[in-house]
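Worksheet: the structure to be examined is printed underneath.
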Amino acid sequence: MEQQHRAVVVGAGIGGLTAAVALHLRGWQVTLLERAADLAPVGAGIALAPNAQRALDVIGLGDRVRELSAWQGDGGMRTPDGRWLARTDAKAAAARFGGPLVLLHRATLVDILTSALPEGVVRTGVTATVTDPGDDHRPARLTVSEAGTATGTDIEAELVVAADGIRSATRGTLFPDHPGPRYSGSTSWRVVVPAPGRPFAPHETWGAGRLWGSQPLKDGRVYAYAMAVAPAGAHAPDDEKSELLRLFGDWHHPVPEILAGVDPDRILRHDVHHLPDPLPAFHRGRVVLLGDAAHAMMPSLGQGGNQAVEDAVVLAHHARSAPDFAPGRALAAYTADRLPRTTGIVRRAARTGALTMLSARPAVALRSAAVSAVSRFGPGLALRGFDGICDWCPPVDPAPSAHDPSRVS
């Protein structure tokens, strides 16, 4: 009987879970190790663009996500007083990129992904440290420690997937000279609340050094997010709801109504960091980096989670479980596919983020005038900014034979 290859995925975020599913379907024996005590998502909403949906099609989950699409009409960009700068057309976006934007709660996506994994694949409350990345001739080695234990256990794997986030310890081990994440100059808030009584169109509103977005979820709730220029590590002097009211309380409907329904204890606030300096590679030996560990980006294009999903499917494409699996060749191909693409998106996200956080009054007025002028040429011109991102398609394997154990159905 052919020996099954072992893959260890470190980190059970969206990218790590997608990688675990994709590798499992390729015939790998997968173990997913998560530091947290459970998989309750620390997050709120996530927008899955058509590029990520096509990646999920590869593992048979794309249609389950599309069923959760809530945005069927128009939305757009506004000023704090409510004036529309630009209108977006959901149908035009779907026609241009091959599908709708789907906004869903992270907990829902986690449930969809974990439902595609066999029992026992996910282990929580576990810390994993790469001690030897291995090479073509020897496996990678990790030390795994259960929560509350002083000693660890050494394990080996033919493939290690480090999806351990923007503060990735594995990235530091593989590339100790890399400068790591950098503070973007802005902080963010995220909430999920019941929908306000009065209807509203989905929108993103740009102010002076501030941004607010209100997006409906399929279950009737609203995902709202905000950003503002702030010193690193800053916090509200009282509570984050009061801070949001100070910053956004006098903005247009539905912002005040959404804020009125916010539970102060359920507001997530995080400084925005990214990796503007690209890594030399996304792999070393038998260890590969994925998602924020490899290319953390500003949220201004909404592509962070989408790119992690792409990573996972492309990795599984190159790391087919087979007797002649060669990590050097397979993971170099993964780097060649993913490093140029994600580097470009990181840079585009940084440019867009800088534009949204303009604070000087003349610059804000010029930005509003430019957005308004572009919108008059129709939604196609505004959507052009996502060309090369949302129209991405996953790599296609040569047609496998019916008995090929690495076939993805």
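Condition (residue is modelled with pLDDT of 95 or more, assigned to a loop (DSSP other than H, G, I, E, B) and open to solvent by 30 Å² or more (accessible area, probe 1.4 Å)) applied to region 295-310: is it met by at least one residue? No; the residues of region 295-310 include none that is modelled with pLDDT of 95 or more, assigned to a loop (DSSP other than H, G, I, E, B) and open to solvent by 30 Å² or more (accessible area, probe 1.4 Å). Could you list, in sequence order, the residues of region 161-183 that are part of a loop (DSSP other than H, G, I, E, B) and either in contact with a helix residue (DSSP H, G or I) (Cβ under 7 Å, 6 or more places away or on another chain) or not hydrophobic (A, V, I, L, M, F, W, C) (or both)? Within region 161-183, A163, D164, G165, I166, R167, S168, P176, D177, H178, P179, G180, P181 meet the criteria.
Please pick out the residue among E146, E158 that is open to solvent by 30 Å² or more (accessible area, probe 1.4 Å), in contact with a Phe, Trp or Tyr (Cβ under 9 Å, 6 or more places away or on another chain) and more than 27 Å from A349 (Cα to Cα).
Result: E158 is the single residue among E146, E158 that is open to solvent by 30 Å² or more (accessible area, probe 1.4 Å), in contact with a Phe, Trp or Tyr (Cβ under 9 Å, 6 or more places away or on another chain) and more than 27 Å from A349 (Cα to Cα).
Restricting to region 60-76, what's the tally of residues that are closer than 21 Å to A44 by Cβ and either part of a loop (DSSP other than H, G, I, E, B) or at pLDDT 90 or above (or both)? Give the derivation first.
Taking region 60-76 as the starting set, the residues that turn out to be closer than 21 Å to A44 by Cβ are 61, 64-71, 75.
From what is left, the residues that are either part of a loop (DSSP other than H, G, I, E, B) or at pLDDT 90 or above (or both) are 61, 64-71.
Qualifying residue count for the region: 9.
Would you confirm whether or not region 329-350 contains a residue that is open to solvent by 60 Å² or more (accessible area, probe 1.4 Å) and more than 25 Å from the chain's Cα centre (by Cα)? Yes, the conditions are met somewhere in region 329-350.
Can you name the residue in region 285-294 that is in a loop (DSSP other than H, G, I, E, B) and within 14 Å of the chain's Cα centre (by Cα) and is also surrounded by the most Cβ atoms within 10 Å (Cβ to Cβ) among such residues? Out of the qualifying residues, it is L290. G82 meets each of the listed conditions (1) in contact with a Phe, Trp or Tyr (Cβ under 9 Å, 6 or more places away or on another chain); (2) surrounded by fewer than 21 Cβ atoms within 10 Å (Cβ to Cβ); (3) modelled with pLDDT under 90 apart from (3).
Pairs are defined by a Cβ separation below 7 Å, a sequence spacing of at least 6 or placement on different chains, a first member in region 42-70 that is free of Cβ contacts under 8 Å to residues at least 12 places away in the same chain and more than 26 Å from V191 (Cβ to Cβ), and a second member that is part of a helix (DSSP H, G or I) and open to solvent by less than 10 Å² (accessible area, probe 1.4 Å); the pairs so defined are G62/Q53; G62/L56. Put simply, of A232, A224, A208, A236 the only residue that is open to solvent by less than 10 Å² (accessible area, probe 1.4 Å) and at negative phi is A224.
Give the residue, chosen from A92, A116, that is at pLDDT 90 or above, touching a Gly at 6+ places or on another chain (Cβ under 9 Å) and not in a strand (DSSP E or B). Steps first, answer last, please.
Working: A92 fails: at pLDDT 90 or above.
Going through A92, A116 in turn, just one is at pLDDT 90 or above, touching a Gly at 6+ places or on another chain (Cβ under 9 Å) and not in a strand (DSSP E or B): A116.
With a requirement of 1 or more residues that are modelled with pLDDT under 95 and over 20 Å from R367 (Cβ atoms), the strands (runs of 3 or more DSSP E) lying completely within region 198-253 that satisfy it span 210-216, 221-229.
Hey, does region 121-138 have a residue that's under 24 Å from A22 (Cα atoms), of a type in the set (K, R), surrounded by 13 or more Cβ atoms within 10 Å (Cβ to Cβ) and touching a strand residue (DSSP E or B) at 6+ places or on another chain (Cβ under 8 Å)?
Yes, region 121-138 has at least one match.
Scanning region 184-197 for residues that are open to solvent by 20 Å² or more (accessible area, probe 1.4 Å), in contact (Cβ under 8 Å) with a residue 40 or more places away in the chain and either β-branched (V, I, T) or not in a strand (DSSP E or B) (or both) returns V192, P196, G197.
Hey, does region 251-260 have a residue that's open to solvent by less than 20 Å² (accessible area, probe 1.4 Å), under 28 Å from D57 (Cα atoms) and in contact (Cβ under 8 Å) with a residue 40 or more places away in the chain? No: region 251-260 contains no residue that is open to solvent by less than 20 Å² (accessible area, probe 1.4 Å), under 28 Å from D57 (Cα atoms) and in contact (Cβ under 8 Å) with a residue 40 or more places away in the chain.
The values are calculated or read from the model by the stated rules, or taken from the named source; none is laboratory data. Note that the structure is a prediction, hence the values are computed from the model and not measured. Here the Cβ is made from the backbone with ideal geometry for all residues, glycine too, and neighbour counts use every protein chain on show. Note: areas computed on protein heavy atoms with side chains; ligands, DNA, RNA excluded. Shrake-Rupley method; radii C 1.70, N 1.55, O 1.52, S 1.80 Å.
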